[in-house]
Amino acid sequence: MSNDTNRRDFLKTLGTVGATGVVAAVGVDATGEADTLRAEPQAAASAAAASAPVSHAYTFFTPPESAFIEAAVDRLIPADDLTPGGTDCGVAVFIDRQLAGAWGTGDKTYMQGPWETGAGTQGYQSPLAPAEFFRAGIAATNAYSRKTLQKDFDRLTTDQQVKLLQDLEAGKVTLDGISGQEFFNLLLATSMQGFFADPVYGGNRDKASWKMVGFPGVVAIYSEHIKTYRNKKYDVEPKSIVDLS
């Protein structure tokens, strides 16, 4: 897959996930402090020293984790003529803030078990808080990438990154200690949230996704315009929470 691949084709390949369903299933919250799961092994630490520099400052992610996330969201949301790529749209920053907050620590999530395999409609099911789950998933995916392709994920070619993400989504990759398919699903869900959420949460920079789909933002009282704009485009500059603060 080339760098200029249309995102619609790529997301179609990954599978169909409705934005409303993603938000309901994952339930991203705002701020707080996150616990870490464990340090990466020595081999991972050595690989981290060679990681590419990241583009932004992060609260939760370590430098090698940041490099992974930036590469991943740029594959899930590649730049095209409609919007910049995922990193430039702030998606990595959004995920970082959520993992550093109350959602990342599982503050409002039932975490007492029992831990049995749930149905696909039941959303996030894991004894790990989302921050721990993400950290374990990144470490395990990088370990798999080094084992099979001799490089961390962010050092792979674009085509290799896309293939690995597709294999994770299809359940073809066995990761150490964590479900690769579940990790991919949560990564995709939070990436979509970061792309479409209000910019106040760090993603959707410059309201890029709202402008792309024609969403006017948080000012949602349009009843007086129904007759005027029936079957017509309502073309206004989107407003975010930040604009009304």
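Selection of the stretch 193-213 for residues being closer than 15 Å to G85 by Cβ, open to solvent by less than 40 Å² (accessible area, probe 1.4 Å) and in a helix (DSSP H, G or I) yields G194, F195, A208, S209.
Of the residues making up the stretch 93-113, those that are at negative phi and part of a loop (DSSP other than H, G, I, E, B) number 12.
With of a type in the set (G, A, S), open to solvent by 40 Å² or more (accessible area, probe 1.4 Å) and under 19 Å from the mean Cα position of the chain (by Cα) as the only criterion, which of G101, G86, G120 stands out? Quick ask: steps written out before the conclusion?
Details: G101 fails: open to solvent by 40 Å² or more (accessible area, probe 1.4 Å); G86 fails: open to solvent by 40 Å² or more (accessible area, probe 1.4 Å).
Unique residue meeting the criteria: G120.
Determine if the stretch 165-177 includes at least one residue that is open to solvent by 60 Å² or more (accessible area, probe 1.4 Å) and of a type in the set (K, R). Yes - at least one qualifying residue is present in the stretch 165-177.
Residues considered: V219, V242. Of these, the only one that is farther than 17 Å from W103 by Cβ, β-branched (V, I, T) and in contact with a strand residue (DSSP E or B) (Cβ under 7 Å, 6 or more places away or on another chain) is V219.
The values are calculated or read from the model by the stated rules, or taken from the named source; none is laboratory data. If you're wondering where the values come from, they're calculated on a predicted model, not measured in any experiment. So basically every Cβ, Gly included, is an ideal-geometry build from the backbone, and we count neighbours across all protein chains shown. Areas reflect the complete protein model, heavy atoms only, side chains present, ligands, DNA and RNA absent. Shrake-Rupley method; radii C 1.70, N 1.55, O 1.52, S 1.80 Å.
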